[in-house]
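Undergrad: What follows is a structure written as C-alpha cells; I'll ask about it next.
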Amino acid sequence: MNTISVKASENYNILIGNSILPQIGTLVSEIMPNRTVAIISDTNVWPLYGHIISKSLLDAGFSPIHMVFPAGEASKNIDTYLKILTFLADNKVTRTDLLVALGGGVVGDITGFAAATYLRGISYIQIPTSLLAMVDSSVGGKTAIDLPVGKNLVGAFKQPRLVLCDVDTLNTLPRPLFLDGCAEIIKYAMIYDSALFASLMQTGPAFDCTSVITKCVSLKRNVVQEDEFDIGMRQKLNFGHTIGHAIEVSSNYQLTHGQAVAAGMAIVTKAACRNNICQQDVYGNLIALLQKFSLPTKTDFSAEVLFLSALSDKKRSGDTVNLVIPNDIGRCEIVPVPVSELEDFIKAGL
Ligand SMILES: NC(=O)c1ccc[n+]([C@@H]2O[C@H](COP(=O)([O-])OP(=O)(O)OC[C@H]3O[C@@H](n4cnc5c(N)ncnc54)[C@H](O)[C@@H]3O)[C@@H](O)[C@H]2O)c1
Ligand SMILES: [Zn+2]
C-alpha cells in the first residue's frame, strides 16, 4: 500500500493499493475515536462494497449507518443534498461524527459538500471507487453540487480527513468509465510528467493501477499544497478542459467528460503547435497515446460553436480566457487569451 501525505488546511493521508476496504475500521480508528459513521453511496456502488465497509467499521467498534441515492450526475443536485442533510439530522449525527463518501466523483462531491456545511462542518473520508475519482476528484478538497443552469456552481473547499483508494474496486468499473478516467491520467502526463507519458505509451490501458494512481495523486497533491484555493498554478489542471467542457456542453453531455477532455487536449495542442508555442512532435505523440486508450482526438463541432460555449467557462476573467497550453510533453503554461482571439485559436486546433 502506498501513502501520499497532503499538507493543506487539513493534513491527511491518501492510501492507494489492494484490499484496503476491509481495513477501513482499523484505519479510521487510527484517526478518529469510535463514533457514528454515516456512509453515503449510490445505487451501483453500495450493493458491491457497502457490506465490506459496514462490517469492518462494526468490527472496529463504530456505529455505521448509510444512505444510498440513485447513481449518476442527475443526482448531484439540491434535492439529494437536502436528503443527505435530513438523513444526518434524523440520525442525530453530531459534529464529532464522521461522513464517508463511497463511490465515484458524484458521491464524493455531494458528500464533501454536505460535510462542509452540515452543522458548519463535519469530518469526512473519501473512498473513491471510479478511476476518475481516485486520480482527480477525491484529492484536493473541492466539493460541489450542480444547479439546473450549470454544473458545480455551488460548493466549498473542504479537505477530507483520509482518502482510501482500493484499486480492487476498479475491477467492477465498466470499461468505458475506466477509459474515461484515463483521459485525466494522460492530462497529468501532458502537464507535468514526460516519464509517465512514455510509460503509458508502453502499457496502454494495461498500466499498473497502484503505481499510476499514486503518481497522479502525488502530482495533484503538489499542486493542491501550492494553490489549495485555485487562484494560481492549480489552474494548470484545467488543461484540455476549457475546450473539452465546450465539447461536453455542445454534445448535450452525450460525450462523456473524459472523451470531451481528450478531444479538448488534442485541439489545444494542435493549435499550440500551429502557433509555434509547442514542440512540433507533441501533437502526433498525444494523438498516438489517446488512440491507444480508444479516446477521441477531434470533434465535429465548429470553432464558432465551441467558442460561444467556452465563453461561459468559469476560468474566464473579463476579456480574457485562461487557456492551459502545452509547450512540450510534461510542460504547460497558463496563457490569458483575449476573447477576440479565442475563436481563431480554436480554429487552428480543429
Ligand atoms: N471535486 C473535484 O475536484 C472534481 C474533479 C473532477 C470531477 N469531479 C466530479 O466528478 C464527477 C464525475 O465522477 P465519476 O466519473 O466518478 O462519476 P460517477 O460518480 O457518476 O461514477 C460513474 C458511474 O460509475 C459507477 N461506479 C463508480 N465506481 C464503480 C465501481 N467501482 N464499480 C461499478 N460502478 C462504479 C457509478 O455508480 C456511476 O454510475 C462529476 O460530477 C464531476 O463534476 C469533481
Ligand atoms: Zn476533468
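Undergrad: Could you tally the net charge around Gln202, taking each other residue with its Cβ under 12 Å from the Cβ of Gln202, Lys/Arg +1 and Asp/Glu -1?
TA: Numbers: positive: Lys292; negative: Asp208.
Summing Lys/Arg as +1 and Asp/Glu as -1 gives 0.
Undergrad: A further question on this structure: Taking each pair of distinct Cα atoms in the stretch 1-140 once, what is the resulting Kirkwood hydrodynamic radius in Å? Walk me through the numbers before you get to the answer.
TA: Values: mean 1/r = 0.0665 Å⁻¹.
Value: 15.0 Å, from the Cα pair sum.
Undergrad: Along Cα→Cβ, 7 Å out, is where each label goes; now give me the distance between the ones at Gln225 and Thr210 in nm to one decimal.
TA: Using points 7 Å along Cα→Cβ, the separation is 2.3 nm.
Undergrad: Within straight cross-link reach of Lys142, meaning Cα distance under 14 Å, which aspartates and glutamates are found once same-chain residues fewer than 8 apart are removed?
TA: In chain and number order, the partners are Glu10, Asp109, Asp227, Glu228, Asp230.
Undergrad: Okay, next question. Using R₀ = 30 Å, calculate the FRET efficiency as 1/(1 + (r/R₀)^6) where r is the Cβ-Cβ separation of Met201 and Ile334; round to 0.05. Don't skip to the end; give the middle numbers.
TA: On the way: r = 26 Å, r/R0 = 0.86.
Calculated transfer efficiency: 0.70.
Undergrad: If you take every DSSP beta bridge fully contained in the chain, what fraction is antiparallel? Give it as a percent rounded to 5. Display every interim value, and only then the final one.
TA: Numbers: 21 of 46 bridges.
Percent antiparallel among DSSP bridges in the chain is about 45.
Undergrad: Oh, and also: Find the centroid of the Cα atoms in the stretch 203-263 and in the stretch 58-136, then give the distance between the two in whole Å.
TA: 23
Undergrad: Name all residues of the stretch 1-40 having a backbone nitrogen under 14 Å from the label point set 7 Å from the Cα of Lys55 along its Cα→Cβ direction, giving them as ranges.
TA: Once the point is set 7 Å along Cα→Cβ of Lys55, 20-25 turn out to lie under 14 Å by backbone N, inside the stretch 1-40.
Undergrad: Separate question: What are the principal axis extents of the Cα atoms in the stretch 162-208, in Å, biggest first?
TA: Principal extents (Cα only, largest first): 29, 27, 16 Å.
Undergrad: Among Val154, Val68, Val249, what is the fewest-to-most ranking by other Cβ atoms within 10 Å?
TA: Details: Val154 15, Val68 18, Val249 21.
Least to most surrounded, the residues fall as Val154, Val68, Val249.
Undergrad: Calculate the dipole size of the chain relative to its Cα centre from +1 charges on Lys and Arg beta carbons and -1 charges on Asp and Glu beta carbons; express the result in debye to the nearest 20. Before the final figure, lay out the partial values.
TA: On the way: 28 positive and 32 negative charges, 86 e Å.
My answer is approximately 420 debye.
Undergrad: Run through the stretch 132-237 and list the chymotrypsin sites (Phe, Trp or Tyr not before Pro) located in a DSSP loop whose Cβ has at most 15 other Cβ atoms within 10 Å. Present the calculation step by step, with values, prior to reporting the outcome.
TA: Details: sites: Phe157, Phe178, Tyr188, Tyr192, Phe197, Phe207, Phe229; in loops: Phe207, Phe229.
Sparse-neighbourhood loop chymotrypsin sites (Phe, Trp or Tyr not before Pro): Phe229.
Undergrad: Of Met233, Met190, Met134, Met32, how do they rank once you tally other Cβ atoms within 10 Å and put the fewest first?
TA: Values: Met233 13, Met190 27, Met134 35, Met32 17.
In increasing order of surrounding Cβ atoms, one gets Met233, Met32, Met190, Met134.
Undergrad: Quick one: net charge of Leu119's neighbours, Cβ under 15 Å, K/R +1, D/E -1?
TA: Working: positive: Arg35, Lys92, Arg95, Arg120, Lys158; negative: Asp90, Asp97.
Once positives and negatives cancel, what remains is +3.
Undergrad: Could I ask something else about it? With point charges of +1 on the Cβ of Lys and Arg and -1 on the Cβ of Asp and Glu, referenced to the Cα centre of the chain, which listed residue (Leu289, Thr169, Ala195) lies farthest in the positive direction of the dipole?
TA: So the residue furthest toward the plus end is Thr169.
Undergrad: Can you spot the lysines whose alpha carbon is less than 27 Å from Lys298's alpha carbon? Ignore those fewer than 8 places along the same chain.
TA: Within reach: Lys151, Lys187, Lys220, Lys236, Lys270, Lys314, Lys315, Lys347.
Undergrad: Then there is this: Using Cα pairs closer than 8 Å and at least 6 residues apart in sequence, work out the relative contact order for the stretch 126-203, in percent.
TA: Over the stretch 126-203, the number comes to 34 percent.
Undergrad: In addition: Would you compute, from DSSP H runs of 4+ residues alone, the mean residue ellipticity of the chain at 222 nm, taking -39500 (n - 2.57) per run and dividing by the full residue count, rounded to the nearest 500? Mind dumping the intermediate values first?
TA: Numbers: 12 runs with 152 residues, N = 350.
After summing the helix terms and dividing by residue count, I get -13500 deg cm²/dmol.
Undergrad: Whole number please: convex hull volume per residue, Cα atoms of the chain, in Å³. Please report the intermediate quantities before stating the final value.
TA: Numbers: hull volume 41.3 nm³, N = 350.
Value for the chain: 118 Å³ per residue.
Undergrad: Further question: Would you mind working out the magnitude of the charge dipole of the stretch 134-275 relative to its Cα centre, with +1 at each Lys and Arg C-beta and -1 at each Asp and Glu C-beta, to the nearest 20 Debye?
TA: On the way: 13 positive and 13 negative charges, 52 e Å.
Charge dipole, the stretch 134-275, about its Cα centre: 240 debye, nearest 20.
Undergrad: Please give the net charge around Leu102, taking every other residue with its beta carbon less than 11 angstrom from that of Leu102, where Lys and Arg add +1 and Asp and Glu add -1. Please report the intermediate quantities before stating the final value.
TA: Numbers: positive: none; negative: Asp42, Asp166.
That works out to -2.
Undergrad: Relative contact order for the chain: what percent, with Cα pairs under 8 Å and sequence separation of 6 or more? Mind dumping the intermediate values first?
TA: On the way: 676 pairs, mean separation 52.2, N = 350.
Normalised by residue count, the contact order of the chain is 15 percent.
Undergrad: How much FRET efficiency would the formula 1/(1 + (r/R0)^6) give for Val305 and Asn276, where r is the Cβ-Cβ distance and R0 is 30 Å, rounded to 0.05?
TA: Working: r = 26 Å, r/R0 = 0.88.
After rounding to 0.05, the efficiency reads 0.70.
Undergrad: With springs only between Cα atoms under 10 Å, which of Leu98, Leu82, Leu219 fluctuates most in a Gaussian network model of the chain?
TA: Leu82
Undergrad: Over the stretch 224-350, calculate the relative contact order: mean separation of alpha carbon pairs under 8 Å at least 6 apart, over the residue count, as a percent. Please report the intermediate quantities before stating the final value.
TA: Working: 192 pairs, mean separation 37.0, N = 127.
Value for the stretch 224-350: 29 percent.
Undergrad: When N counts the residues of the stretch 106-164, how does its alpha-carbon radius of gyration compare numerically with 2.2 N^0.38 Å, as a ratio? If you can, show how the numbers build up before the last one.
TA: Numbers: Rg = 10.9 Å, N = 59, 2.2 N^0.38 = 10.4 Å.
Dividing the Cα radius of gyration by 2.2 N^0.38 Å gives 1.05.
We did not get these values from a lab; they are worked out from the coordinates using the rules stated. Just so we're clear, the structure is a prediction, and the values are computed from it rather than from any experiment. Every residue, glycine among them, receives a Cβ derived from its backbone with ideal geometry; neighbour counts consider all protein chains shown.
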